[in-house]
Amino acid sequence: MLSEILFRRFAVVGALVLAVSALASAEAIRGTLVTPTAGEKLQLALASGGTLDLELDEGLELTMRDPQLAKRLWELRGQRQDGGRFAVEKIFTVKDGELHRVTYYCEICHITTHEPGLCMCCQGDTDLRELPGE
C-alpha cells in the first residue's frame, strides 16, 4: 500500500519535471508569414533569413491565416523538427517590439476565444484583439 502511494507520487513528480523541461527548451523564432494559398502549409520567413514549414494545431492555423493579421511580425514558440519544420506551441504578434496575445471578442456576449470566427453563443461577429503580454 505504502509502496503504491510512493510510486504514484514519484510518477507525478517525474511527469512534472518532464513537462517543465519541455517548456524550458521551447525555442522562440520571429518572422513573417509567406503568403499561403488555400491548402498550402504555412511557412514563416525568418527575420534571420530562410524559411521554416510550420506544424500547428487547427486553432493556431486559423488564427495565423486570419487576413487581418496578414502583414504582422510573429513570434512563435515551439520546437525545431527535422526537415526544416517548426512545431508551434504558442503564437504572438509583435508590435513596437512588444509581444501581443491574439484573441477574438464578442461585444454582445462578452466571450473571448482564441480563433477567428463567429461567436459560439450568439453567432455574431467577433472582433480581433491583440493584447500586450504573454
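The values are calculated or read from the model by the stated rules, or taken from the named source; none is laboratory data. Source: prediction; values computed, not measured. Every residue, glycine among them, receives a Cβ derived from its backbone with ideal geometry; neighbour counts consider all protein chains shown. Note: accessible area is taken over every heavy atom of the protein model, side chains too, but ligands, DNA and RNA are not part of it. Shrake-Rupley method; radii C 1.70, N 1.55, O 1.52, S 1.80 Å.
Quick check on my filter: what residues within the range 60-97 are assigned to a helix (DSSP H, G or I) and in contact (Cβ under 8 Å) with a residue 24 or more places away in the chain? If you could, list the steps in order and put the result at the bottom.
Taking the range 60-97 as the starting set, the residues that turn out to be assigned to a helix (DSSP H, G or I) are 60-64, 67-69.
Once the filter is applied, which keeps residues that are assigned to a helix (DSSP H, G or I) and in contact (Cβ under 8 Å) with a residue 24 or more places away in the chain, the range 60-97 yields Leu60, Leu62, Thr63, Met64, Gln68, Leu69.
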Open item on the list: Being touching a His at 6+ places or on another chain (Cβ under 7 Å), at pLDDT 60 or above and either open to solvent by less than 60 Å² (accessible area, probe 1.4 Å) or of a type in the set (Lys, Arg) (or both) narrows it down to one residue among Gly59, Gly78, Gly50, Gly31; which is it?
Closed with: Gly59
Task: Condition check for Leu99: aliphatic (A, V, I, L, M), open to solvent by 60 Å² or more (accessible area, probe 1.4 Å) and touching an Asp or Glu at 6+ places or on another chain (Cβ under 8 Å) - done: no
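Out of the range 103-113, which residues are touching a strand residue (DSSP E or B) at 6+ places or on another chain (Cβ under 6 Å) and either part of a loop (DSSP other than H, G, I, E, B) or under 30 Å from Gly50 (Cα atoms) (or both)?
Here is the first cut: in the range 103-113, the ones touching a strand residue (DSSP E or B) at 6+ places or on another chain (Cβ under 6 Å) are 103-105, 112-113.
The answer is Thr103, and nothing else.
So which residues in the range 118-130 are open to solvent by 40 Å² or more (accessible area, probe 1.4 Å) and assigned to a loop (DSSP other than H, G, I, E, B)?
Just the residues of the range 118-130 that are open to solvent by 40 Å² or more (accessible area, probe 1.4 Å), to begin with: 118, 120-123, 125, 127-129.
Across the range 118-130, the qualifying residues are Met120, Cys121, Cys122, Gln123.
Condition check ((1) of a type in the set (S, T, N, Q); (2) under 18 Å from Ala26 (Cα atoms); (3) at pLDDT below 95) across all residues:
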site	(1), (2), (3)
Pro67	no, no, yes
Gly84	no, yes, yes
Ile91	no, yes, no
Asp96	no, no, yes
His110	no, no, no
Gln123	yes, no, no
Thr126	yes, no, no
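Anything in the range 82-94 that is touching a strand residue (DSSP E or B) at 6+ places or on another chain (Cβ under 7 Å) and open to solvent by 70 Å² or more (accessible area, probe 1.4 Å)? List them, or say none.
Looking only at the range 82-94, we keep the residues that are touching a strand residue (DSSP E or B) at 6+ places or on another chain (Cβ under 7 Å), and these are 84-94.
Answer for the range 82-94, where residues must be touching a strand residue (DSSP E or B) at 6+ places or on another chain (Cβ under 7 Å) and open to solvent by 70 Å² or more (accessible area, probe 1.4 Å): Arg85, Glu89, Lys90.
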